[in-house]
Every structure is written in C-alpha cells, then in structure tokens.
Amino acid sequence: MKFSFLIYSYFPFGGQQRDFLRIANECVNRGHQVDVYVLRWQGEVPENLNLIKVPVKAWTRVKLYQNYTKWVAKALANAQPSTIVGFNKMPLLDIYFAADPCFAEKAETQRGYYYKLTPRYRHFYSYEKAIFGPGKTTQTLILSPQQRKAFERHYPGCGDRLHKLPAGIAIDRKVESRELTIRRQFRKEFNIGDDDLLLLQIGSGFKVKGVDRSLTAMASLPEPLLERTKFMLVGQDKTATVSRLAHRLGLAKKLTILPGRDDIPRFLAGADLLVHPAYVESAGYVLLESTIAGLPVLTTASCGYSFHIEKAQSGKVCANPFQQLELNEKLASMLDSIKDADWSENGLNYGKQADLYSMPQTAADLIEKFAVVS
C-alpha cells in the first residue's frame, strides 16, 4: 500500500517527530511505500522514505500552514492514490496521529475570551474541526485518556473514531538497574558532587513544558536544600527567557542549559529527579523514559502520561488545576526523601511491562486497517 505522511516540521529531538519516524519506518519495514510531505527537515533523511519538501513560504505561521495545505492538496490530487496520514491537524487526512492536545480545550482553559476573535484561533480551530467535526470521517490515533475526554467534550460524536495507542518507548531505554558507573562519569563531567541534588528537565518548547514553574519551585526550596541543588535543562528552544528568569530568581549559577541531544540515557542516570510540570502535554514520553530508567518523576496531571507515574508509583503528580504552591511543596518533600523512597525501584519494575514499547507496531496495524483502498 501507499501512504502519504504529512508533518510540518521534523527535527530529531521532538516527541511528535520521533513518533512519526518510528511509525513511518514500521510501515516501510512492512513493505509499504511512504511519501513524506514536509516544510522543514533537520537531520539525516532515511533512505527508505520518499521525502518531498513543500516549497511554500509566508510571513506568518498561519499563512504558511494554509499554503502548505493548498500545495499538498494539489500534489496529492495529481499523484498515485494513497492513504493520507497526518501528524498535525489539518484538512485532507484519512488518519490523524494526535501528537498534540485538543486545541479547543486549550483555547478555553488557557486563553482569554478575546483569543477566540483572532485569526490564529479561527485557523487552528477550523483545522481541528476538519478532523473531529460533525460528518467527518478521519480516524484518530490518540495517546492518553485526557485526549479522549477533551475531544469528545468539544466534538460530540467523534468517540467512535478515536483509537487509543499503547506507549511507544524505545526498547533500548529499558534498563535492569540504575547505571551507577555512568552516573559517576556523568556527574564528574558536569562537576556535580556526590552530595549535590540534580534536577533534570527535558523537552523542546520551554514555555509549554513549564520550565518557569520548575525554576520558581526550585527558588522556593529551603536554604539547606537549595544550596545542594542544581538544575539542568535539555531541549531545543530559545534560552534567553529562561536565563533571565533564572537570574531574577537568583539561580543563574545553578542552571545549565544544553541543546537537544542523543545521549539522554546518561542524563537520566546522572540526575536525581526529573521535573516536568508542563502546562499541557498529550503524552510526555520523558516521564516514562525516566520512570523505566529508575529516575523519580515530579509532573502535572495535565500531562497525558502522568497516569503512568501514579500507576508505577515512581514519583508524584500535581493535581489539576495547577497550583504553584503544590509543586513547591512536592519538590521540597521529594528532594528531602529522595534517597529513602521507593520511586526508583518502582519505576524499574514498571519498565518490565511489555505494553510500554509497542506503539509504532500498533499504529501501523491501525493505519493498515483504515487504509483507503482505491
């Protein structure tokens, strides 16, 4: 079968992008032809994918996406028929992989009234409604219970077209125990003492990941804890805003910011606690990757995979609606008891479950099931 995969942008360190590539590779490995329509591609291009760069430009992101849609629609109309699989919300799709949360829910809960009067709102709402609205037939692959609840609330009647996927952690992230040799080497490399406490946050898009919440919580720590604590941020985004906030909170000398990278398991082994108080997150693979590596997690209930933290008992979850004071208190209490708690061992045991690694295979099964046969 032939599949056309649509994704605006690919770079190696995004969760959406990694999911896209793993699913595309799984489809190719099954003998299918996969064309990929993309605006931007960063990194190596796998030989088994037919990459098509969409040659459109615009002054605004909304107009760029509209131009992309028009160009792709025309190209697909003139190409061999295929099943169209999208990784961003847009018209045209037979199947949508829901890497992002419900836009209508986000607009209602995180934006003011006047946001709904803007061209940006009208564009993204119309693109979401093209998938979930009345009379639509797009089949959607979702990642978490939060997504189902939000989509069904804002688009009644779409529930039969929502299909839950298992987690898709890469199997090479699974470990039997904490890598103590790697931990010592890592901490020596970054000048982190044996008695220091290292907070780790990983993710591209620092604003939506709640880095401001993390730094605010760190600044609230009691002085004896704060004196021992360092913060390391790894991800792809502009750093100026984070650096200014750290300076304002008196944390500039305790903060290290690094770009996205491939050796994340070293960081999971070297850190003491993953903090991930995201404003909104469809899944949050880093929560599971940390858990199965034995790194305790502090996160928010707005993350789709936060239920795994509660199920595994591998850390703590801040309730919705978010309260900064709750995060502050949980951070202090976790750091105070980190050496005696069972979070690490619980996470390692949770990582032995088979259903944490099969997302690409299940997604490919569903794409084959819903493929448009011409």
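Rule-based calculations on the coordinates, nothing more; no lab input. None of the values given here were measured: they were computed from a predicted structure. Reconstructed Cβ throughout: ideal geometry from the backbone, glycine too, with neighbour counts over all protein chains shown.
Normalised by 2.2 N^0.38 Å, with N the number of residues, the alpha-carbon radius of gyration of the chain equals 1.02.
Rounded to the nearest 0.05, the FRET efficiency derived from the C-beta distance between Asn48 and Val208 at R0 = 45 Å is 0.90.
Which pairs in the list Lys230/Lys330; Lys106/Lys369; Lys136/Lys369 are over 25 Å apart, alpha-carbon to alpha-carbon? Exceeds cut-off: Lys106/Lys369. Between helix 15-29 and the chain there is an angle of about 50 degrees, using the helix long axis and the longest principal axis of the Cα atoms. If you wrap the range 293-358 in the convex hull of its Cα atoms and look at it from every side, the mean projected area works out to 4.5 nm². When the helices of the chain are scored as -39500 (n - 2.57) per DSSP H run of n ≥ 4 and the total is divided over every residue, the value at 222 nm lands at -12000 deg cm²/dmol. Computed over all pairs of different Cα atoms, the Kirkwood value for the hydrodynamic radius of the range 9-81 is 13.4 Å. Computed from point charges on the beta carbon alone (+1 for Lys and Arg, -1 for Asp and Glu), the dipole magnitude for the chain about its Cα centre is near 1520 Debye. In this simple spin-label model, placing a label point 7 Å from the Cα along the Cα-to-Cβ direction at both Asn191 and Lys149 gives a separation of 4.5 nm. Using every pair of separate Cα atoms, the Kirkwood estimate puts the hydrodynamic radius of the range 100-147 at 11.8 angstrom. In angstrom, the C-alpha Rg and Dmax of the range 171-354 are 14.9, 45. Over the range 25-133, what number does the Rg to Rh ratio reach, with both radii from the alpha-carbon atoms and Rh per Kirkwood? Taking Rh as the inverse mean 1/r over Cα pairs, Rg/Rh reads 1.00.
Taking trypsin sites (Lys or Arg not before Pro) in DSSP loop states with no more than 14 other Cβ atoms inside 10 Å as exposed sites, the chain has its longest site-free stretch at 112-206.
Principal-axis analysis of the Cα atoms of the chain puts helix 180-189 at an angle of about 80° to the longest axis. Taking the C-alpha atoms only, the angle from helix 61-77 to the longest principal axis of the chain is near 40 degrees. Its relative contact order, with pairs defined as Cα atoms under 8 Å and 6+ residues apart, puts the chain at 16 percent.
Answer with one residue from Thr362, Ala319, Thr256: the one whose Cα lies farthest towards the positive end of the charge dipole of the range 252-374, charges on Cβ with Lys, Arg +1 and Asp, Glu -1. The residue sitting farthest along the positive end of the dipole is Thr256. Using only alpha carbons, the range 216-296 has a radius of gyration to Kirkwood radius ratio (Rg to Rh) of 0.95.
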